[in-house]
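What follows draws every value from the coordinates through simple rules; no lab data is involved. These numbers come from a predicted model, not from an experiment. Virtual Cβ from ideal backbone geometry, glycine too; neighbours counted across all protein chains shown.
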Amino acid sequence: GAGVSQTPSNKVTEKGKYVELRCDPISGHTALYWYRQSLGQGPEFLIYFQGTGAADDSGLPNDRFFAVRPEGSVSTLKIQRTERGDSAVYLCASSLGGRAFETQYFGPGTRLLVL
Amino acid sequence: DQQVKQNSPSLSVQEGRISILNCDYTNSMFDYFLWYKKYPAEGPTFLISISSIKDKNEDGRFTVFLNKSAKHLSLHIVPSQPGDSAVYFCAASAGTGKLIFGQGTTLQVKP
């Protein structure tokens, strides 16, 4: 079956611009996660959704970052006034529920470059 | 503050030998631990996990050991194969799906 898909695969933008990154989870998965991976580091948790609501947004670095999941399926990560330090691979994952023992399946990521 | 640490950035082993990847953590609230494997340009793939109530979990060539008193876990791959060459991340959870990852260890298995 189809895995987690993310679009675009690559995004180049200029400092100060607004970007949206999209994630399509595996069908039927109620939990959806966003992580950010900088060069040479492991994935860093940003936010996770259980259904339509954000169950934990403690990893969002500041108020320029916002994520939505209005119908409990597709999610969009929105970054306002991008900065060069936002350059990273943004990973999305989904799982059947939101419990630790439920396997998270990752998408290939969106590589964001802020010039 | 790095709650999950993988202190070896890289490891090289000969095909057929054992690969041992290590991970340390600081948060005593972590109760579930996982290993993920990542190939270039792909997302991480789940490999194996262990609950804090166990000290060992085995799945084929992969075994994870947990030493709670030392706050240390390790992943053993026996025998190692060239296809195992990848970046390995350990991750930990404190009861929810929020995962805290280490920095990763790049494993190279030489034929």
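Determine, yes or no, whether A:THR76 is in a strand (DSSP E or B) and hydroxyl-bearing (Ser, Thr, Tyr). Taking the combined requirement at face value, the residue satisfies it. For the stretch B:33-65, the set of residues classified as among the hydroxyl-bearing types (Ser, Thr, Tyr) and touching a Lys or Arg at 6+ places or on another chain (Cβ under 9 Å) consists of B:THR45, B:SER52, B:THR63, listed by residue number. Any residue at all in the stretch B:54-75 that's within 13 Å of chain A (Cβ to nearest Cβ), part of a loop (DSSP other than H, G, I, E, B) and surrounded by fewer than 16 Cβ atoms within 10 Å (Cβ to Cβ)? Among the residues of the stretch B:54-75, at least one is within 13 Å of chain A (Cβ to nearest Cβ), part of a loop (DSSP other than H, G, I, E, B) and surrounded by fewer than 16 Cβ atoms within 10 Å (Cβ to Cβ), which makes the answer yes. Exactly one residue among A:ALA55, A:ALA100, A:ALA31 is more than 11 Å from the chain's Cα centre (by Cα) and within 30 Å of B:ASN7 (Cα to Cα), and that residue is A:ALA100.
To keep it simple, each residue is scored yes or no on (1) crowded, with 16+ Cβ neighbours inside 10 Å; (2) closer than 17 Å to A:ALA93 by Cβ; (3) of a type outside the set (Asp, Glu).
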residue	(1), (2), (3)
B:GLN2	no, no, yes
B:GLY16	no, no, yes
B:TYR39	no, yes, yes
B:LYS98	yes, yes, yes
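The residues of the stretch A:90-109 that are surrounded by 22 or more Cβ atoms within 10 Å (Cβ to Cβ) and outside any loop (DSSP other than H, G, I, E, B), listed by number, are A:TYR90, A:LEU91, A:CYS92, A:ALA93, A:SER94, A:SER95, A:PHE106.
Kindly indicate the residue of the stretch A:87-106 that is within 19 Å of A:VAL12 (Cα to Cα) and of a type outside the set (Val, Ile, Thr) and also nearest to the other protein chains (Cβ to nearest Cβ) among those meeting that condition. Per the stated criteria, the residue is A:LEU91. Residue check: B:ILE50 meets all listed conditions (1) in contact with a Cys (Cβ under 9 Å, 6 or more places away or on another chain); (2) within 12 Å of chain A (Cβ to nearest Cβ); (3) not basic (Lys, Arg) but one, namely (1). Please enumerate the residues belonging to the stretch B:19-47 that are more than 14 Å from B:VAL4 (Cα to Cα), at the interface with another protein chain (Cβ under 9 Å from one of its Cβ atoms) and of a type outside the set (D, E, K, R). B:ALA41, B:GLY43, B:PRO44, B:THR45, B:PHE46 - these are the residues of the stretch B:19-47 that are more than 14 Å from B:VAL4 (Cα to Cα), at the interface with another protein chain (Cβ under 9 Å from one of its Cβ atoms) and of a type outside the set (D, E, K, R). Would a scan of the stretch A:23-32 turn up a residue that is within 10 Å of another protein chain (Cβ to nearest Cβ) and either within 26 Å of B:MET29 (Cα to Cα) or of a type in the set (Lys, Arg) (or both)? The answer is yes, given that some residue of the stretch A:23-32 is within 10 Å of another protein chain (Cβ to nearest Cβ) and either within 26 Å of B:MET29 (Cα to Cα) or of a type in the set (Lys, Arg) (or both). Residues that are out of contact with any Ser or Thr (no Cβ under 7 Å at 6 or more places or on another chain), in a strand (DSSP E or B), over 22 Å from A:GLY40 (Cβ atoms) and in contact (Cβ under 8 Å) with a residue 40 or more places away in the chain within the stretch B:1-53 comprise just one, B:GLN14. When A:ILE47, A:ILE79 are checked against the criterion of being in contact (Cβ under 8 Å) with a residue 60 or more places away in the chain and within 14 Å of the chain's Cα centre (by Cα), A:ILE79 stands alone in meeting it. Selection of the stretch A:60-73 for residues being surrounded by 16 or more Cβ atoms within 10 Å (Cβ to Cβ) and in contact (Cβ under 8 Å) with a residue 24 or more places away in the chain yields A:ALA67, A:ARG69, A:SER73.
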